[in-house]
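See structure below.
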Amino acid sequence: MLVKWKVPKMSNDPRDAEIAELKERIRRLEDMLTESQSLIAVGELAGTTAHEFNNILTLTINYAKMGLRRTDNETREKAFNKILDASNKAAKIIGVVLGLARNRKPGKERTDLCKLLEDVLLLLERELAKYRITVERKLEDTQLVLANGNQIQQVLVNLLINARQASPKGGRLVVRLRPCKDSPHYAEVVIRDYGVGIPKEKLPKIFDSFYSTKQGPDETGKGGSGLGLALCKRIIEEHSGKIKVESAVGKGTAFTIRLPIAQTEKEKEQ
Ligand SMILES: Nc1ncnc2c1ncn2[C@@H]1O[C@H](COP(=O)(O)OP(=O)(O)O)[C@@H](O)[C@H]1O
Ligand SMILES: [Mg+2]
């Protein structure tokens, strides 16, 4: 009997090998880009933290001086309470930063999205307030997701900074966390701003690397590279999740990310 083997089609076109090599090079460059973006995020974090600490120290020093100058009990008690509040805040911030520094592992683990959002908002609190942005938190209970906390934190920071930059007059920002309506296996985070919005024809481009409508980094050194959303997409897809955008010019923009719920040990066994 004659057996016909299906021989895979080999291309003789030298351009095919060249294209394959270029694709591989792009993939490697994208990996390097993700890594350098992650370092930039660490730098930004260090800047924000130093700024926060400076403010907390100024406050503490001023209230300590006030307590020394004024000897009545009422003023001293007020001074002590202010110093205690400021020190507690400093401890909280340093707790978040240390947590992030410890958690630079590449793998994914069971992660509490609510805590992650609270941490990110704590770190960006002052910056958002400076640009007169108020954050409405609508955080529902969800199950833990399977995620690399650092990478998801980077995604959230990128989306929040974009939202802040799209709201030049300040305004409202809604941060929502909820179980995904149409799939019980996912949790959903929505970051919604009421800023300038994105024209329809630009929507398909915003996730492309180097696509930016900004003139360059702003006075805090953020934005303008066109790499933020490309990185967000890459990270979310690497988590087997989804990212989508809805926007209307003059009305604002909502980014939604979905991440898979982590299976419990029991579910894994089944
Ligand atoms: N929340 C938003 N509102 C309006 N436009 C946005 C928003 N987020 C992103 N964009 C648009 O998408 C572009 C790409 O965003 P991004 O990849 O983060 O790059 P960059 O912030 O460096 O410009 C931005 O330049 C902006 O035009
Ligand atoms: Mg950006």
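Just so you know, all these numbers are worked out from the coordinates, no wet-lab data involved. From a predicted model like this one, the values you see are computed outputs, not experimental measurements. When we count neighbours, we look across all protein chains shown, and the Cβ atoms used for this are built from the backbone with ideal geometry, even at glycine.
Maximal additional length on extending the Leu139-Tyr211 stretch stands at 22.8 nm, based on 0.36 nm per residue less the C-alpha distance. The residues Phe53, Phe255, when put in order of fewest to most other Cβ atoms within 10 Å, stand as Phe53, Phe255.
Given the pairs Lys138/Lys214; Lys205/Lys242; Lys214/Lys242; Lys89/Lys115, which span a C-alpha to C-alpha distance of over 28 angstrom in this model? The answer is Lys138/Lys214.
Test of the criteria: in segment 125-165, which trypsin sites (Lys or Arg not before Pro) are in a DSSP loop and have at most 13 other Cβ atoms within 10 angstrom of their Cβ?
In loop regions of segment 125-165 (DSSP not H, G, I, E or B), the sparsely surrounded trypsin sites (Lys or Arg not before Pro) are Arg132.
Taking amide H as placed 1.01 Å from N in the peptide plane, the amide H of Ile133 sits under 5 Å from that of Gly171, each at least 5 places away or on another chain.
Could you work out the helix-only [θ] at 222 nm for the chain, with each DSSP H run of four or more residues adding -39,500 (n - 2.57) and the total divided by the number of residues, to the nearest 500 deg cm²/dmol?
So the calculated ellipticity at 222 nm is -18000 deg cm²/dmol.
Net length available on complete extension from Glu201 to Lys115 is 27.4 nm, with 0.36 nm assigned per residue and the Cα-Cα distance removed. If you line up the long axis of helix 113-130 against the longest principal axis of the chain, both from Cα atoms, how many degrees apart are they, to the nearest 10? Its long axis makes an angle of about 60 degrees.
Give the separation of the Cα centroids, segment 125-145 to segment 233-264, in Å. With segment 125-145 and segment 233-264 each reduced to a Cα centre, they are spaced 16 Å.
Full-extension gain between Ala46 and Ser240, please, as 0.36 nm times their residue separation minus the C-alpha to C-alpha distance.
Computed gain between Ala46 and Ser240 is 66.9 nm.
Highest-first packing order for the peptide set 179-192, 144-157, 229-242 is 144-157, 229-242, 179-192, based on the mean count of other beta carbon atoms within 10 Å. Computed from the C-beta positions of Ala129 and Ile26 and an R0 of 45 Å, the FRET efficiency is 0.65 to the nearest 0.05. For the chain, what is the percent of antiparallel DSSP beta bridges, rounded to the nearest 5? Percentage antiparallel, nearest 5: 80.
Using the Karplus relation 6.51 cos²θ - 1.76 cosθ + 1.60 with θ = phi - 60°, the per-residue 3J(HN,Hα) values for segment 26-32 come to 4, 4, 5, 5, 5, 4, 5 Hz, with x marking Gly and Pro.
Sorting Leu177, Leu29 from the fewest to the most surrounding beta carbons within 10 angstrom yields Leu29, Leu177. Report, to the nearest 10°, how far helix 149-165 tilts away from the longest principal axis of the Cα atoms in the chain, using its own Cα long axis and a range of 0 to 90°. It is inclined by approximately 70 degrees.
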